[in-house]
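J.: Just passing along the structure, written as C-alpha cells.
The values are calculated or read from the model by the stated rules, or taken from the named source; none is laboratory data. A quick note: this is a predicted structure, and the numbers were derived from the prediction, not measured. Here Cβ is always computed from backbone atoms with ideal geometry, including for glycine, and neighbour counts include all displayed protein chains. The area values use the complete protein model at the heavy-atom level, side chains included, leaving out ligands, DNA and RNA. Shrake-Rupley method; radii C 1.70, N 1.55, O 1.52, S 1.80 Å.
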There are 2 protein chains.
Amino acid sequence: MTTSIKDVARAAGVSPATVSRALGKGPISEALRAQVLEAVRATGYRPNLAARRLRSQESGTIGLILADIGNPFFTGVARAVEAAAYEAGLRVLLCNTDEDPAREAAYLALMQEERVTGLILAPTRATAERLADAAPAMPVVLIDRPGPPGLFDSVLLDNAGASATLVDHLAAQGYRRIAGLFGQTSGTGIERAEGYRAAMARHGLTPALRFVLPQAEAAEAGLAALCQEGRPEAMIASNSLLLMGLLRSARAARFRIPADLALAGFDNEPWTGLVEPGITVIEQPLEAIGRQAMALLLERLRTPSAPVRKVMLSGRAILRGSTASARAPHNSTKTPPPSTFTL
Amino acid sequence: MTTSIKDVARAAGVSPATVSRALGKGPISEALRAQVLEAVRATGYRPNLAARRLRSQESGTIGLILADIGNPFFTGVARAVEAAAYEAGLRVLLCNTDEDPAREAAYLALMQEERVTGLILAPTRATAERLADAAPAMPVVLIDRPGPPGLFDSVLLDNAGASATLVDHLAAQGYRRIAGLFGQTSGTGIERAEGYRAAMARHGLTPALRFVLPQAEAAEAGLAALCQEGRPEAMIASNSLLLMGLLRSARAARFRIPADLALAGFDNEPWTGLVEPGITVIEQPLEAIGRQAMALLLERLRTPSAPVRKVMLSGRAILRGSTASARAPHNSTKTPPPSTFTL
DNA sequence: GATTTGAATGAAATCGTTCTCACTCGGCTT
DNA sequence: AAGCCGAGTGAGAACGATTTCATTCAAATC
C-alpha cells in the first residue's frame, strides 16, 4: 500500500485538489504550496503515473521501436532521440525487435495500449508494407527505413547517393569487378542496392549482388556465392554486420586487403578504424537522424494535418586503406591517414 | 477519442464486466466469449494499460537502469533481461543514465512513479552509496556493480579473480612492469583494481595504476601519466572503452604490440578479435548475467523475506596475440589462434 | 415438485489522479 | 455602501479498466 494524494492531503490539512495544484500548475498561495511540499517530503509521496495518465488522457511518452539494439547505429540514434525527447518533456519507451516482424507487431499493439503520444519506428520490410493498411492511431515517424510512400513522415539516409559514392570511389581507384552484399530484411538494403546498381550502370560495369540476412555469418556464404561468379576485386556491404562478416571471411581465405579484395561499407564503427588496413565506410549522422525524427514528430503533434515530410540526410565518406588504389599497389601495410568528404 | 471497453460492451450487447472477463480470465460461456471477441475485432479495441494498472495495482513491468546503452556489455545484458522478462510475462522499461548520478536519481524516482514491480540496476558509485539510505520501494537486483553490502540481491562478475587471471597470465608470459587503468565511476573498477593489486603483490611486483573516467580519451592521459613513472611493459584496462583508448594511444606513440607494450582488458567485443594482433580479454557471460538477475528478481518477488543473495559469475579468458610472450618475441605479425580457458 | 447448487452475467464500487464547478472572502469600483 | 471581481480553495465527477457482490436461471438433488 503506497501513499496516495489523499494521504498527503490529510497530512497537510488540505484537500486532494490543493495537493494536485501545488505539485502541478494552478492557482495556489505560496504558504499552502510550501505546506503541501513539506507534507510530500514527510510522507515520501510519489504520484502514480497510471492514475495521472488515465485522468489526463496523455501518456507523456513516445515509443521508439528499433530493429537491433546491438547495432551501434541504432543505439546512437536512440541516444539522440532520448535527449531530444527529454528536452521536450517526454519520456521514451524503447523496444527492440531483433528484425522480427512478429515482435514488431506485438510492440506496435503495446504502443497503442500504452497510448503513447507518438511513435518513432525503424520497420522491417514486412512491417513497412503492413503499415499501409493498419496505421497506428498516433503519429508515426519512420527512421532509417522507407515505408509506404507518402503516408508517414520519415528521416532517411540518402542511401542511393551513399552507395553511388562508394562505387564512384572504387571505380576511381581502378576497381572494375565490384560486388555488393545487401541486407534483405530492411528497405534500406534495397535502396542501397538500387544505388549500387545505378552507379555501376553509369560506369558501364556489370553489377553482381546478393541479398542476405543481416548477420555476419550470412556474409560468408554471400562472399562464396559471389566468388563463384568470378572473383570480385572489391566488395560493398550494406551494413556493419555484413561488413564484419566479409572481413572475417576475407581473412580466413587469406585475401590481402585491398590487393586481393577491396572492402567498403556503412557505419563508421570504432573497429573499422582500428583494423589494418582501416575500412572505408559511409558515416551516418546518428545524432542528426535522431533529433530530426523527434523534431518531425513534435511538429506533427502540433499540426496533424501538415503535409507528410520526408527528410533525407547525407552521409559522409571516410576513405581508408581498404580501398587504396588497385593500380598503384601499396607496399606498406600502414593505413594512410583517413580523408573524409561529404556526399 | 479512442474506443473503450464500454464501446465494445455496447457493440457486443453485453456489460463491460463481461468484456473484461472475455479478454482476461473469469467464467464466461464460449458463445459470449466469441461474441465479445468479434466485437473487439470490429471496434479495433485496445485495452488502456493505464486504467488496467490503476485498477489492478500492478504494472507488469520491471525497470532496467543501465549506465551506458552504447556499451555492448550492457546491451548484451539488456537483451537477456528482456528475453527472460518476456518469458515471465513482464515488460521492461529500459533507461540509460550515461553514468550520470543525477539521471540515475531521476530514473529511480520515475520507477517509483511507474510503480514497477521490480528493478534491475547497474549503479554508479555515487548512487550505490545513496542506495543504503534511500532504498526504493520495490525489490532491487544490482548487476555488474556492487552496492552497499548485504542489502540487495546482486549478480557480479568475479572481478578480483578476473584481474588476477590477467596479471597471472602476463606474469607467466614474462612481463613484470604491469600497469593498470581503471574506471573511477563504478564499483567494478574498484574491484578490478583490488584484484590487480592483490595479484601483483602475490607475484612480488610493484603495482602502478590510475583511476580515470571511463572514456577512450581519458585513457590517453592515463597512459602518459603511467609512462612518466617508468614505461610499463604491459597494461590492463578495466573496460573496453579504456582498452580502445589505450590501443589508439599506443599506436599513436608507435609502440609495437606486444613487443613494446602488451595489452589486456575486459569484454570480448568484436573489434578485439579483429585488430592485429588480437587483444587478450576477459569475456563476461552477458546472457547468464541478465538471466540470473531476472531469476533473482522473480524469486525475491515470490519470497520477499528470503536472505539477500550475491551471485558471482566467472569470466572466461580469451588469450590473443597482444599478450604474447615477452621472452620469445614473435617475428610474425600473424595472430596466433586464440586459446581460451575458464577462470 | 420444491430446494439447493453453481455457473454465468450485470450493477456498481474502486484504483489515484486531474479538472470543472461552486463557493468564500478580501479588495475594488462606482 | 452595495455590488463586483478575481484569486484561492474544496467537493465531486470523470478517466477506463477490474473485481466484488448480487442476481438470474438452469440443472441437479432429495
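J.: Any idea of the accessible area per residue across chain B, 1.4 Å probe, to the nearest Å²?
T.: 43
J.: Moving on. Counting Lys +1, Arg +1, Asp -1, Glu -1, what net charge surrounds residue B:238 among other residues with beta carbon under 15 Å of its beta carbon?
T.: Its environment carries a net charge of -4.
J.: Sticking with this structure for a sec: Among A:235, A:249, A:97, pick out the residue whose Cα is farthest towards the positive end of the charge dipole of chain A, where Lys and Arg carry +1 and Asp and Glu carry -1 on C-beta, about the Cα centre.
T.: The residue sitting most towards the positive pole is A:97.
J.: Along its three principal axes, how long is chain B when you only count alpha carbons? Whole Å, largest extent first please.
T.: The Cα atoms of chain B stretch 85, 44, 33 Å along the principal axes, largest first.
J.: Taking each residue of B:109-118 in turn, how many C-beta atoms of other protein chains fall within 10 Å of its C-beta, and what is the average?
T.: 3
J.: Calculate what fraction, in whole %, of the accessible area of chain A sits on carbon and sulfur atoms when a 1.4 Å probe is rolled over the protein chains.
T.: 55
J.: Using the eigenvalues of the Cα gyration tensor, what equivalent ellipsoid semi-axes result for the protein assembly as shown when each is taken as the square root of five times the eigenvalue, whole Å, largest first?
T.: With the √(5λ) rule applied to the protein assembly as shown, the semi-axes are 46, 36, 21 Å.
J.: Interface size between chain A and chain B, please: total buried accessible area, 1.4 Å probe, rounded to the nearest 100 Å².
T.: Summed over both sides, the interface buries about 3800 Å².
J.: Now, a different point. Going by amide H atoms built from the backbone, whose H comes under 5 Å of the H on residue B:157, apart from near neighbours?
T.: Counting only residues 5 or more places away or on other chains, the set is B:144, B:313.
J.: Also, quick follow-up: Rg and Dmax of the range B:5-47, using alpha carbons, in Å: what are they?
T.: Spelled out, the Cα radius of gyration and Dmax of the range B:5-47 are 8.8, 24 Å.
J.: For residue A:259 and residue B:217, what is the calculated FRET efficiency with R₀ set at 45 Å and r taken between the beta-carbons, to the nearest 0.05?
T.: 0.85
J.: A further question on this structure: What are the ³J(HN,Hα) couplings of the range A:276-287, residue after residue, when phi is run through the Karplus curve with 6.51, -1.76, 1.60 and θ = phi - 60°? Round to Hz, x for glycine and proline.
T.: So the J values, rounded to whole Hz, are 10, x, x, 9, 6, 9, 9, 8, 8, x, 4, 4.
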